[in-house]
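Beneath this line is the structure, given in structure tokens, with notes to follow.
None of the figures in this text is laboratory data; all of them are computed from the coordinates on show. Computed from a predicted model, the values in this text were never measured in an experiment. In this analysis, Cβ positions are derived from the backbone assuming ideal geometry, glycine residues included, and neighbour counts consider all displayed protein chains.
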Amino acid sequence: MIAESDVTLDPTDREILRLLQRDGRMSNVVLAERVNLSPPACLRRVQRLEASGVIAGYAMLVDPRRVGKRSSLFVEISLQSQSEEALSAFEKAVTTCPGVMECYFMAGEVDYLLRVLVADPEDYEQLYRRHLSRLPGVARIKSSFALRSVSRRTEVEL
């Protein structure tokens, strides 16, 4: 893999990334046409972007509400200790916790910020009792229910 500082993106690379972020299922032939390259040249660029790690992967997005996950929460977690062992134990455990969509190690008043999806408050209570409160080293948990999503992006600005 190429180091982050070694990746140079020209305008064509940026356009390829912009188009693939909007439609990751776009065929190489259509992509090549849109960026004014031959299909083989376009494919080489996409493969270079993948090999360098600029394209980290491809994903399909599911609407959580349509599959019964109607509530989003943000959960702040403070640990009893910030030792390397405590942080590692927490991070290993939280990756298997159901409903946790994202987990960030934070600077500031809390150690971790989680984004969680659940069906309803009762579902969150079960998640809290069975999983979150049992994560290693947890000293404090503060939860906030999102009332509604105002903005949600999947595209990285280039």
Having 1 or more residues that are under 26 Å from residue 24 (Cβ atoms) is the bar; report the strands (runs of 3 or more DSSP E) wholly within the stretch 93-158 that clear it. 100-105, 112-118
Unique match (being closer than 17 Å to residue 154 by Cα, among the charged types (D, E, K, R) and in contact (Cβ under 8 Å) with a residue 40 or more places away in the chain) among 14, 25: 14
Only listed residue being out of contact with any His (no Cβ under 8 Å at 6 or more places or on another chain) and within 23 Å of residue 147 (Cα to Cα), chosen from 87, 127: 127
Please go through the stretch 43-100 and pick out each residue that is in contact (Cβ under 8 Å) with a residue 60 or more places away in the chain and surrounded by 12 or more Cβ atoms within 10 Å (Cβ to Cβ). 71, 72, 73, 74, 75, 76, 77, 78, 79
Out of 8, 12, which single residue is among the hydroxyl-bearing types (Ser, Thr, Tyr) and in a loop (DSSP other than H, G, I, E, B)? 8
